[in-house]
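The values are calculated or read from the model by the stated rules, or taken from the named source; none is laboratory data. This structure is a prediction, so every number in the text was calculated from the model and none was measured. Note: ideal-geometry Cβ built from the backbone for every residue, glycine included; neighbour counts use all protein chains shown. Each accessible area value is taken on the protein alone, full model and side chains, heavy atoms only, with ligands, DNA and RNA left out. Shrake-Rupley method; radii C 1.70, N 1.55, O 1.52, S 1.80 Å.
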Amino acid sequence: MITYHPAHRCFLLKAQNFFYVLGVSPNGDLHHVYWGKPLSPTAWGRLFSEWEKRAVETEHHVSREFQRREFPDFGHNDLRTPAFQLEHADGYRISEFLYDSLKILPGKPDFGPGPSSRVEETDHAQTLKVVLRDSLHKLELDLYYTLYPERDILVRRTILRNRGSKPVSILKLSSASLDLPPAQWHLVRFPGRWANERQWREGPLQEGTLRLESRRGISSHEMNPFAMVTRGPADEEKGEVYGFVLATSGNWLIETELFRDQSLRINAGLNDFNFKWRLEPGKAFISPECVLAYSSQGFTGLSLAYHRFIRERVVGGFWQNRPRPMLLNNWEATYFKFNHEKLLRIARAGKEAGLELFVLDDGWFGKRNDDTTSLGDWFVDRRKLPQGLRGLSDDIHGLGLKFGLWIEPEMISPKSLLYQKHPDWCLHVPKRRRRMARSQLVLDMSRPEVRDYLFEAIGGALEEGRVDYVKWDMNRSLSEVGNEILPPGRQGELYFRYLMGVYDLMDRLNRRFPQVLFEGCSGGGARFDLGILHYHPQIWASDNTDGLDRVFIQYGTSFGYPPLVMGAHVSSVPNHQTHRSMPLKWRCLVAMSGNFGVEADITKWKPSERKELADYIQLYKEIRPIIQFGDFYRLESPYQSNRAAWMFVNPDQKEALLFVFQINPTTIGEKVKGLKLKGLNALTAYEIEGQKVKLSGKKLMEEGWFPKAFKKNKKSYQCELFKLNSV
Ligand code: GLA
């Protein structure tokens, strides 16, 4: 747990599988002392004496750059990238925050609006609050560390409080910052683009500063707000891995600076680019959360910690522990061209195949026959749906399906009634051109009247349609981020105010419709982050439904996020994004590895295909608890081999699922090694259904097993799902 050791002026945060240690130097600077494997008493003693020697500053030789700091300022004699930067009323940008006090709190304080991971009584969580003070300007920095010891998770955030009499401008404020000791540091990041999100990229860090970030107002396709650093190259079982996941959906920054001595500084939080926040006397600014995790045994341990934590402490509300319905979405089936009857026909076929929820995607409102109009006009288009949303939803419900609806609240089409009425409601800079993307502008979500309108208009539609599910989309990055209400000196606040406005609307709609299942979406997966997951228990992972690309997308995503929250759909071939035709079995097994859905006009499929789909739907229903609430293990990486393989294991370790996807044929002479399974009980024997194989968990995990069929595989795109049962 969390303890303070006055003799050494150190704080020790003890999780099951890591220690995190902070210390106060003799001159009051906060230092990062250690983060890694639990230490023996001897190692602990050595660590302190080393640190105590290093912690002493001498006028003569030592600069702070030799020290490992926690939440460093800038401008004295540490000229590395700072964790924060302030501009004081006198114009100077030099601050000096020194240690003031500490508090160890049970659980976790309430930080007010915005995403926040939860603490339940069973967690034994504690929060360390370290207060640093700049006495000249009467400013206080509160560093919060909430430790979930049994989950191996540390959640950090920062609050700046102005206790002085003059305003101060925040130019940068990280949520977490620390210096790791010299090593051969590697970085794993998850870049991408539309239809190819969260690709796995690994490599050694070189000297200099690297910014992983978004400046788009959304967390972005281009880079996910999640990164890992490893001490030397790591793999699934070996190596020390440090994870940083930001719980924010707007402009973010994870910054690494590999210094000349190979020590590594990491700052993670809101992006300082285009950011300036004026903090009035008596006010506080609260940073988003950064969720830290550590594993001394490679990526697997880190992913398991994040998966459980996200499922149980980030996702909340009615749907937290409930199996998610298998949906049928009409987007790729009809695009904008549909009417009541056509939708019903598709829904009926979905019901026959065993699906549980029908989702009406874009095009049901205003006069929206393509993507150039009507965003903002959240009332039903009676030309397409003469019986209204209620008429359609009654018929869908009548089939025994739940009914879901697509919305894109944050947008406005210039061709809309809303724009005619409120041309000033979008983000804009006066007298400048408003640049469109997908023919749309972005509403200024910082304005309460905009949110009130959306709350009423969208709330009304959800009520009229007796909606059970909502797909909340967001299809463009922010540009011309300006607002005529904020005074000139405060335009730098707008990105963050926009984001807090979005969260506010999400929160209000969640409260009004507590049992509605919300799914986040942003041109596919451009807002796949913990901020959204706090409000929306699942997210559409990517607009790319191609079975092959999806293997890579879902594999990359799985490092930080559990399969439960990853929307994954089976669609028609040739695929609409890649024009590739993957076998139906492959498409189904990939979608079954996440939160399963179908996005196709299956009335056009051959009876045999519909039968095959129905069989997989039936199978998914049987294995859904293991997929959605079991533990996920990666076995083989498609980024490094000809195959992807992964597993799901039930918490009681009695059942497991093994998915194997082989991309190209096995080449002549290729030595196919056994797949070492994971997460099983070593002492239990397992039977692999349909394989006449019975082996101990130990053998399966240590020696491995490989299905014969793959060894002499002459075709591309072979895949299989194996079910293991303990006997
Ligand atoms: C975005 C979404 C798609 C679909 C369309 C509708 O691109 O990611 O799934 O909803 O919008 O316009």
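Data for the structure
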| read-out | value |
| --- | --- |
| Long-range amide H partners of A176 with built H, under 5 Å | A268 |
| For segment 497-656, average projected area of the Cα convex hull in nm² | 11.2 nm² |
| Electrostatic dipole magnitude of the chain [Cβ: Lys, Arg +1; Asp, Glu -1; Cα centre; debye, to 20] | 1340 debye |
| Dipole of the chain, positive direction: furthest Cα of T667, I254, P38, with charges on the beta-carbon | T667 |
| Area of Y145 that stays accessible when all protein chains are in place (1.4 Å probe, Å², to 10) | 0 Å² |
| Portion, in percent, of the accessible area of the chain that falls on carbon or sulfur, probe 1.4 Å | 51 percent |
| Average accessible area per residue (Å²) across segment 2-314 - probe 1.4 Å, nucleic acids and ligands excluded | 37 Å² |
| Residue-level accessible surface for D507, protein heavy atoms, 1.4 Å, Å² | 50 Å² |
| Linear extension gain, R434 paired with E341, 0.36 nm per residue minus alpha-carbon span | 29.6 nm |
| Within segment 460-495: backbone nitrogen closer than 15 Å to the R193 label point (7 Å, Cα to C-beta) | none |
| Residue-averaged 222 nm ellipticity for the chain, from DSSP H runs of 4+ at -39500 (n - 2.57), nearest 500 | -6500 deg cm²/dmol |
| Binned Cα-Cα distances of segment 604-727, short to long, each 10 Å bin given as a whole percent | 12, 40, 34, 12, 1 |
| Positive-end residue of S641, P323, S177, charge dipole of the chain with Cβ unit charges | S641 |
| Inter-label distance for Q691 and R348, nm, one decimal - labels placed 7 Å from Cα along Cα-to-Cβ | 4.3 nm |
| Probe 1.4 Å - accessible area at K698, Å² to nearest ten | 100 Å² |
| Reference-scaled alpha-carbon Rg (2.2 N^0.38 Å with N residues) for the chain | 0.98 |
| Two-site label geometry, E120 and S49: point separation in nm, points 7 Å out along Cα→Cβ | 4.6 nm |
| Segment 214-291: Cα Rg divided by the 2.2 N^0.38 Å rule of thumb | 1.33 |
| Electrostatic dipole magnitude of segment 1-160 [Cβ: Lys, Arg +1; Asp, Glu -1; Cα centre; debye, to 20] | 420 debye |
| Theoretical gain in end-to-end length, E609 to D370 [0.36 nm per residue, Cα-Cα removed] | 83.0 nm |
| Order of exposure, largest accessible area first, which applies to W605, W35 with probe 1.4 Å | W605, W35 |
